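Read through the structure below, which is laid out as structure tokens, and then see the notes.
Just so it is clear, none of the values below were taken in a lab; they were calculated from the coordinates. Every value quoted in this text rests on a predicted model; they were computed, and no experiment measured them. Positions of Cβ are backbone-derived with ideal geometry, glycine not excepted, and every protein chain shown enters the neighbour counts.
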Amino acid sequence: MIFGGEFISGIDLVDIMLWLFTLFFFGLVFYLQQESRREGYPVESDTTGDVEESGIVWFPPPKTFRLPHGEGEVTVPHGPRDERKHALVRTAPWPGAPYAPTGDPMLAGVGPGSYAERADVPDRTTSGKTRIAPLRVCEGFKPFDKDPDPRGMNVVGADGKVGGEVVDLWVDRSEAFFRYLEVETGTDGNSRRVLLPMTFVVIDNAKKQVKVDAVLGSHFAKAPRTKSPDEVTRLEEDKIAGFFGGGKLYATQSRVESLV
């Protein structure tokens with residue numbers, strides 16, 4: 001029988017609920033600490049490159065995820081290591097010291113120009129269509145009537161030099177907005193098409209120009225290209241973003257140097 005909120009003398013219902021909540025809370029913390037180490041772990045040593053031991057407490061057991069659209073499976077943690085060899089050198093021996101590119105900094109994949117080793121397949125909508133595609137293959141999409149249409153405009157770099165001409169827009173079918181401008185660079189005999197992220201673009205409708213402060217006019221010709229003329233893979237997207245992001249620091253020597 002329950003008397004005065006007690007099951008038996010000396011054991012209070014509030015005490016039981018408090019202990020249950022405490023056990024649940026510690027269990028939740030333990031679970032979240034394990035799950036937070038599925039991606040990006042085990043960690044590599046900054047100076048030696050040695051892989052941190054996973055241990056038996058804080059690392060979760062491996063879990064395999066089946067990817068959509070027949071893209072295979074991925075197991076985390078302890079997935080495939082990033083074995084890329086970058087053209088860079090440490091500026092100091094202690095942990096946390098920055099790296100400096102040794103080759104062309106715009107293509108070294110270092111600092112603001114770095115990119116993740118994502119899957120080299122296109123992102124897709126829930127229906128299986130290629131998520132990001134040019135307008136020439138997308139029915140039902142067009143620029144808003146009151147917005148400037150950049151097609152046909154020259155693309156100008158931070159130095160005021162023309163780097164190419166916009167020939168198409170690439171639309172995100174899931175989000176219904178434009179993610180890239182397709183730019184044709186070079187002459188007819190040596191032309192190539194590259195993608196320019198919209199986040200780096202300022203459209204000057206009065207001058208009929210597309211201004212890009214991140215890079216110089218000459219840099220567009222060496223921007224990463226896509227394997228397919230009508231598709232962009234996730235890895236290619238990261239490389240493109242890394243190239244133009246790297247230009248924010250590496251496009252000119254004056255940007256690399258300190259202000260003081």
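What to note about this one:
- Scoring 107-113, 244-250, 42-48 by mean Cβ neighbours within 10 Å over their residues and listing the highest first yields 244-250, 107-113, 42-48.
- Per-pair calculated FRET efficiency, R0 = 35 Å: Ile16 and Ser174 via Cβ, rounded to 0.05: 0.10
- Counting neighbouring Cβ atoms within 10 Å and putting the fewest first, the residues Tyr99, Tyr41, Tyr180 line up as Tyr99, Tyr41, Tyr180.
- Given charges at Cβ of Lys, Arg, Asp, Glu: the chain dipole, positive-most of Val43, Gly72, Val166: Val166
- Global form of segment 169-238, assessed from the alpha-carbon gyration tensor, a/c cut-off 1.5: oblate
- Summing charges over neighbours of Pro105, with a neighbour being any other residue whose Cβ is under 14 Å away from its Cβ, gives +1 when K and R count +1 and D and E count -1.
- Length-normalised contact order of segment 135-195 in % [C-alpha pairs under 8 Å, at least 6 apart]: 22
- Each listed q (0.11, 0.16 Å⁻¹) maps to a log10 I(q)/I(0) for the chain from the Debye sum over equal C-alpha point scatterers, namely -0.80, -1.25.
- Three-way shape label, segment 109-260, alpha-carbon gyration tensor, a/c 1.5: oblate
- Residue among Val74, Val162, Val57 with the largest mean-square fluctuation in a Gaussian network model of the chain, springs linking Cα atoms under 10 Å: Val57
- Folded to 0 to 90 degrees: helix 234-250 orientation relative to the chain principal axis, Cα: 70
- Only DSSP H runs of four or more residues enter the estimate; each adds -39500 (n - 2.57), and after division by the residues of the chain the mean residue ellipticity at 222 nm equals -5500 deg cm²/dmol.
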